[in-house]
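The values are calculated or read from the model by the stated rules, or taken from the named source; none is laboratory data. Predicted model, so just to flag it, every value in this text is computed and none were measured. Don't worry about glycine lacking a Cβ; one is built from the backbone with ideal geometry, like all the others, and counts go over all protein chains shown. All accessible areas refer to the heavy atoms of the entire protein, side chains included, with ligands and DNA or RNA removed. Shrake-Rupley method; radii C 1.70, N 1.55, O 1.52, S 1.80 Å.
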Amino acid sequence: MQTTRRGFLKSTVAGATATVACAKPQRQTAVGTHPKLPESAPTTDTVELNTHVNGERVSLRVGADHSTLNVVREQLGLTGSKLGCGHGACGACTMQLDGTPVATCLLPATKLEGRQLHTVEGIGPRSAGGQLHPIQRAFMAEDALQCGYCTPGFIVESAAFHDRFRAKHGAATPSRDEIAAALSGHLCRCGAYVAIYRAVAGACAGKFDDGPDQGPRIDALAKVTGAAKYSVDIAPEGLLIAKVLRSPHAHAKLGSIDWSGALAHPGVVGAIELTRPGHKLRYVGQEIVALAAIDEATAIEALTKVHVEYELLPAVLGLDAPLEPNAPELYAEKKARKAAPNANETPLLPETWRGNLRGPFELFSHNRGRARRRVERARDGEGELYSGSFETQVQLHTPLEPKAAVAEWLSADKLRVHASSQGVRQMAEDIATRWGLRHEDVEVIADYVGGGFGAKGLIYIEMVIAIELARVCGQPVKYANDRREELAVGGSRPGLRTTVSVTGAMDTLPAFVIDSRSDAGVAVGSSASILARINYPQADQHLSDYDVLNNAPPSSPFRGPGGPPMYFAIEQAIDALAITHAVDPIALRSSWNENDSRQRVYDWASAHPMWQARRPARSDTGRFRRGIGIATASWWCLAEPATRVQIDASRDGVVISTACQDMGNGSRTLLADVVADVLGVDPHSLTVKIGSSKAVHGPMSGGSRTATSLGPAATDAAIELRDELVEVARRRLKLANVRPIAGGVEHDGGRLTWTELLEVAPAISVTGKRGRDQGGFVLPPIADLAFSRYLSATVQISEVEVDTRLGRVRMLRSACGVSVGKIYSPLLARSQAEGGLVQGISYALFEERRLDPRHGTLLTGGLEDYRLCGLGDIGEIEVEFVPGGFERVRGQGVGIGELATLTPAATIANAVYDATGWRPTHIPLRPDRVLAGLAQTSGAQP
Amino acid sequence: MIVFPKTVDEAMALAVELGGSYRAGGTDLQERRQHLAVLGQHTLAPIVDLRDVPGLDSVACDDRGAWIGAMTTLADLAAHRVLRERWPGVAEACEALANPQIRAVASIGGNLMQAPRCWYYRHPDYQCLRKGGTSCFAREGDHLFHVCFDTAPCVAPHPSTVALALVAYEAEVELIQPATPEPTRAPIQAVLGADAVAEHAIITTIRLGAPVANERSAYVRASNRAHAEWALAEVTVRLVLDQSGAIVFVRVAAGGVAPTPLRLSAVEDALVGVVPEPLALAKAAALARADAKPLAMTGYKLELLEGAVLEALERALQTSPSPSAITTPSQDGA
């Protein structure tokens, strides 16, 4: 998320790109032709083969190393199947080969000879039967998808499972274990697993053998049929493919660059410099040179002909080495410090730097002297004290659609960019400024976005590469990170080491002393401990945040920045304090609380059957030990008051538009639902046009601002449209006593539908505004973003089972109470919350970026080594929206995207303690850590 | 360059002549060749694609044993009725590894011959021992998922789950080698180590010995996620109980912990003749650590290994035995 214009350079595009240079060879090669087979691919031989794709006989000429996925997408133009990971772990590329699902990123195309291949496009409407498959209907009805990027793979696999299962069992419900095993080769980064279970089970039980060809998510049909086009699917005529040469060194001064060999390479059209010789490279993966060629293989081969000289500098990694006395300083000069990327969402304030330590940032402390004194006294025996140190890993965004852009210069000063984006409007503005273009001459388009979790909000360097190379080459250029690149530099949540001391008791407000050290690589801006302040605002708190600079890639905002790591620490500390006092941890928090949202979820959790029926701690003593934990969190309610929603209505229909995007959060559906609700019509009868920066001001998808920004603006527009149509009935049709009713108007002589009115009305265009909350905001909007006077709140209860023999923590059940006021699109809101929870579970148990400790090279460079939670790992999940509150927020509803992902790590850790008496201080909870932890408490047993 | 030989002999002749790489299912090779391309190794070896070689993808079984064609897919083996009944540990291993979309195309021969899964080996920037370099970066760097039996210069554990099962079944492989015109047979362990197989040799068949009557088996995979994760440690156990309930035959093999799968003979020895009671099983399982030599970060694997052995023994004892109408073996072989 961006808050300042300056933020663009500082926060997303790490220093180097300020110095873009360019070069252009003579254009003798393949200019203006459609991408074709590489002429200089690693193996030059190609093979002819005959096969069947979606029932049609096709003849193909394929390269020895071409994957089936590549051939189907590039040669046949069937783009429903997606490249996710490239090594068979994520399943986004799954197709059926002779009826059996296979990973086509690893299936050599030569194997297709004489076989029958079915892609997602061959399942459903365009299949022989012409009907949607029950699985497709089920995924739509249950909202078993969000961004939709992994959905084609899930559909192809689930359809095969469904058909097998029904053939054997008839209509019956498969077990969760059966479904998890069958779909174990599929990953959904949005975390739609809860609904995927429902969809597959329901379809197998025969619930979706017929039914509507649509679901509550209005773009679901495009996603379950593979019709939805993402940025990586865009291929304009004459498209060139770009690749990037990246630093293999964690710290170096860039010497000379010689790219003459690369530019002379047949098929290469142009190249640009991304770091200028003489400048510093501060992490492995930093961009040095990008070039564009007629296809990917050529670009890759040409890159190997770029010769770069480096002057190596000593590198430091982690939180400790950078603070050693003689550690090399990352940003020695003041100027360089100012250009350090921002890992957070809020503007950077000036801070003290001592070598690689930036901070302390203490602005959000409250009665800091008293906080210290109370903690010191407790340490001396006056009152109960809990003190602990907690450490969380660097987590990677890794959306299944990587950062990707296709740039086309329509003329010398007119640009169109398709980009995987969380902020089309903002990006277009930044591009216009950066390239000196008029705003109306830049269009950023993101019809479908394959996941965005915070790192796609601002213009990113991958876009700069595509735009600049397209300018240099005079042809459209696409650049997309491959999975290793996306994992290396695509964005990360900083690791955090938090030391927390807390004292307090029932009805005695706590005092906190918190020190946090952030590992955001070369980026700065950690201020995680503010979360203690918003969750326990009345407490005495001395809060100190530091950034420890090191030679790792820059972190960036990630869903609930600072939240999961800080709540992991403070919510365990409070839990420990409650245990010391032998009081209910919810009652303890409740006794300190003055906030209505929090009280609503505290009361909900206290009454929840899981909490009510919990057993005494450490009830199990055998190999498997179950425990229950809770954690709470608060989050800001942000809004973009400048948001507009336009509705154009005519006899051709009703079109809703705004310059926002839908990355799976459901903006498109929300707009239709809100307008449909006002007009009393079916949302599917409305057209929603989003995903272009050309429309009226729309919100960025970040900071959980979407629903509360779009909802009121859409309501406003819909009411205006309704009123205008009522006027048409009154004045133009001269009807008496006209009143709006669901679906149209009623008058003394009968009824008219909106459609009938639109037949006779002139074309109507109305614009709704979001505007201010009642009573205004805490601060006036900064860079379009306003802080509401309210906070959202959540409590999560989880039950885990710890296998003390094999060190596994298994999720059994989670219940999550959420206070966000009005819910605009109930099923989609639930999907959002469930997805947040799933990501939180994944963070707590599995995900972990690992760098080589000496070279800073990314080791977890694929989705086998960077482990995401799968269908079998989540347990049962229940989400409840606890109604009420937020009366003075426009529309009475606020965002949920971040809230639900804040608590899982803390909740799970508290549950592990409840089960075993071991308090986890490091995540992820890998088996080695669990076994070591249990050994400390003598809890492990063979 | 790519060629499609029609026979095994032709395949080997082409491989020798071109210096080619064999391609069976291709699931491992496909990914590795992409990395090589990034490295700028554009003289990638020609591919000798075995797609058109007939007769390598079927299974034949009788009372003397099973003959598994090296190109048989793991999914087919997992589903093979006779294999599941008589050599259950092999079928179970084939079903437990990777994920369904991989098992559907990956072959058993390719699974045995796949390259290490080490994150340095798979990284284009590292020219490690196994890629012709001079050092093992994992040994000096991050080896959290590597061996705890440090017995070879490269510390990557053998990645094949099938190999582990085949070790437990004392399988043999038939292979054709450029130097010797006649097919040769070798015990499974002999073909698993780094460079254990002569260049351009082809494994054609995996041979399982006669099925064992009343066999109980179990496969246990210690991993963090529920599914589709490389094993931290994995164990296959086979055992037969006599009428008194004592163990008369037992095989225990472990993977994920050593450069090649291990037969845990100390565990086996402690179990023969023993009535499987909890204490006896636990004592035997503890012997899985015998001769271990963990790296700095892999000590935890010993605990997992011991736990997995115990788990596999317990589970095997709970399974129903294979048919009894087969010759009963003795401990020193069938």
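What the table below lists for this structure:
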{"quantity": "Neighbours by Cβ (under 7 Å, 6+ apart or cross-chain): first from the stretch A:293-308, within 11 Å of another protein chain (Cβ to nearest Cβ) and of a type in the set (V, I, T); second surrounded by fewer than 20 Cβ atoms within 10 Å (Cβ to Cβ) and assigned to a helix (DSSP H, G or I)", "calculated": "A:I300/B:V38"}
{"quantity": "Residue, nearest to the other protein chains (Cβ to nearest Cβ), within the stretch A:823-859, restricted to residues that are crowded, with 22+ Cβ neighbours inside 10 Å and β-branched (V, I, T)", "calculated": "A:T857"}
{"quantity": "So A:A578, is it outside the structural domain of A:P328 (by TED's automatic domain parsing) and either more than 17 Å from A:N910 (Cβ to Cβ) or open to solvent by 10 Å² or more (accessible area, probe 1.4 Å) (or both)", "calculated": "no"}
{"quantity": "Check on B:L29, in a helix (DSSP H, G or I), under 22 Å from the mean Cα position of the chain (by Cα) and closer than 16 Å to A:G63 by Cβ", "calculated": "yes"}
{"quantity": "Condition check for A:P236: part of a loop (DSSP other than H, G, I, E, B), over 30 Å from A:P341 (Cβ atoms) and of a type outside the set (A, V, I, L, M)", "calculated": "yes"}
{"quantity": "Where B:R23 falls short, out of the listed (1) closer than 23 Å to B:R207 by Cα; (2) more than 8 Å from chain A (Cβ to nearest Cβ); (3) charged (D, E, K, R)", "calculated": "(2)"}
{"quantity": "Subset of the stretch A:256-281 (residues that are part of a strand (DSSP E or B) and either among the charged types (D, E, K, R) or open to solvent by less than 10 Å² (accessible area, probe 1.4 Å) (or both))", "calculated": "A:D258, A:V268, A:V269, A:G270, A:A271, A:I272, A:E273, A:K280, A:L281"}
{"quantity": "Looking only at the stretch A:222-255, and only at residues there that are closer than 30 Å to A:V444 by Cα and among the basic types (K, R), the one that is surrounded by the most Cβ atoms within 10 Å (Cβ to Cβ)", "calculated": "A:K223"}
{"quantity": "Residue in the stretch B:218-226 that is touching a residue at least 24 places away in the same chain (Cβ under 8 Å), assigned to a loop (DSSP other than H, G, I, E, B) and either within 18 Å of B:N99 (Cβ to Cβ) or aromatic (F, W, Y) (or both) present", "calculated": "no"}
{"quantity": "Within the stretch B:82-163, helices (runs of 4 or more DSSP H) holding 2 or more residues that are over 30 Å from B:A66 (Cβ atoms)", "calculated": "B:137-140"}
{"quantity": "Test: A:E296 is open to solvent by 10 Å² or more (accessible area, probe 1.4 Å), more than 26 Å from A:L400 (Cβ to Cβ) and not aliphatic (A, V, I, L, M)", "calculated": "no"}
{"quantity": "B:V235, sole failed condition from (1) under 16 Å from B:E170 (Cα atoms); (2) away from chain A (no Cβ under 14 Å); (3) not in a helix (DSSP H, G or I)", "calculated": "(2)"}
{"quantity": "Qualifying residue in the stretch A:545-565 (condition: open to solvent by 10 Å² or more (accessible area, probe 1.4 Å), over 23 Å from A:S842 (Cα atoms) and in contact (Cβ under 8 Å) with a residue 40 or more places away in the chain)", "calculated": "yes"}
{"quantity": "When residues of the stretch A:867-890 are limited to those that are in contact with a helix residue (DSSP H, G or I) (Cβ under 6 Å, 6 or more places away or on another chain) and within 29 Å of A:L396 (Cα to Cα), the one surrounded by the most Cβ atoms within 10 Å (Cβ to Cβ)", "calculated": "A:L871"}
{"quantity": "Residue match in the stretch B:75-90 (condition: in contact with a helix residue (DSSP H, G or I) (Cβ under 6 Å, 6 or more places away or on another chain), within 29 Å of B:L295 (Cβ to Cβ) and in contact (Cβ under 8 Å) with a residue 12 or more places away in the chain)", "calculated": "yes"}
{"quantity": "Matching residues in the stretch A:615-641 - criterion: being touching a Gly at 6+ places or on another chain (Cβ under 9 Å), among the small types (G, A, S) and assigned to a loop (DSSP other than H, G, I, E, B)", "calculated": "A:A617, A:S619"}
{"quantity": "Among residues of the stretch A:331-346, those that are within 17 Å of A:P494 (Cα to Cα) and not acidic (D, E), counted", "calculated": "6"}
{"quantity": "Qualifying residue in the stretch B:105-120 (condition: farther than 24 Å from B:A258 by Cα and modelled with pLDDT of 95 or more)", "calculated": "yes"}
{"quantity": "Complete set of residues in the stretch B:287-309 that are in contact with a Leu (Cβ under 8 Å, 6 or more places away or on another chain) and outside any loop (DSSP other than H, G, I, E, B)", "calculated": "B:L287, B:A288, B:R289, B:Y300, B:K301, B:E303, B:L304, B:G307, B:A308, B:V309"}
{"quantity": "Identity of the residue in the stretch B:260-305, within 19 Å of the chain's Cα centre (by Cα) and open to solvent by 30 Å² or more (accessible area, probe 1.4 Å), that ends up nearest to the other protein chains (Cβ to nearest Cβ)", "calculated": "B:L262"}
{"quantity": "Inter-residue pairs, beta-carbon under 6 Å, first farther than 30 Å from A:I445 by Cβ and in the stretch A:382-407, second among the basic types (K, R) and open to solvent by 10 Å² or more (accessible area, probe 1.4 Å), 6+ apart", "calculated": "A:L385/A:R379; A:E391/A:R497; A:V394/A:R849"}
{"quantity": "Count - residues of the stretch B:204-217 that are part of a strand (DSSP E or B), in contact with a Gly (Cβ under 7 Å, 6 or more places away or on another chain) and open to solvent by 20 Å² or more (accessible area, probe 1.4 Å)", "calculated": "2"}
{"quantity": "Test result for A:A587, within 23 Å of A:T352 (Cβ to Cβ) and not charged (D, E, K, R)", "calculated": "no"}
{"quantity": "Subset of the stretch A:57-83 [in a loop (DSSP other than H, G, I, E, B), more than 10 Å from chain B (Cβ to nearest Cβ) and open to solvent by 10 Å² or more (accessible area, probe 1.4 Å)]", "calculated": "A:L76, A:G77, A:L78, A:T79, A:L83"}
{"quantity": "Selection within the stretch A:645-670 - open to solvent by 10 Å² or more (accessible area, probe 1.4 Å) and in a loop (DSSP other than H, G, I, E, B)", "calculated": "A:R651, A:D652, A:M663, A:N665"}
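This table checks each residue for (1) on the phi > 0 side of the Ramachandran plot; (2) in contact with a Lys or Arg (Cβ under 9 Å, 6 or more places away or on another chain); (3) open to solvent by less than 20 Å² (accessible area, probe 1.4 Å); (4) at pLDDT below 95.
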site	(1), (2), (3), (4)
A:S709	no, yes, yes, no
A:E724	no, no, no, no
A:A729	no, no, yes, no
A:S792	no, no, yes, no
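Residues are listed down the side, and each one gets a yes or a no for (1) open to solvent by 20 Å² or more (accessible area, probe 1.4 Å); (2) farther than 30 Å from A:R484 by Cα; (3) within 12 Å of chain A (Cβ to nearest Cβ):
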position	(1), (2), (3)
B:F4	yes, yes, yes
B:M12	yes, yes, no
B:H35	yes, no, yes
B:V59	yes, yes, no
B:P88	yes, yes, no
B:A93	no, no, no
B:M113	yes, no, no
B:C118	no, no, yes
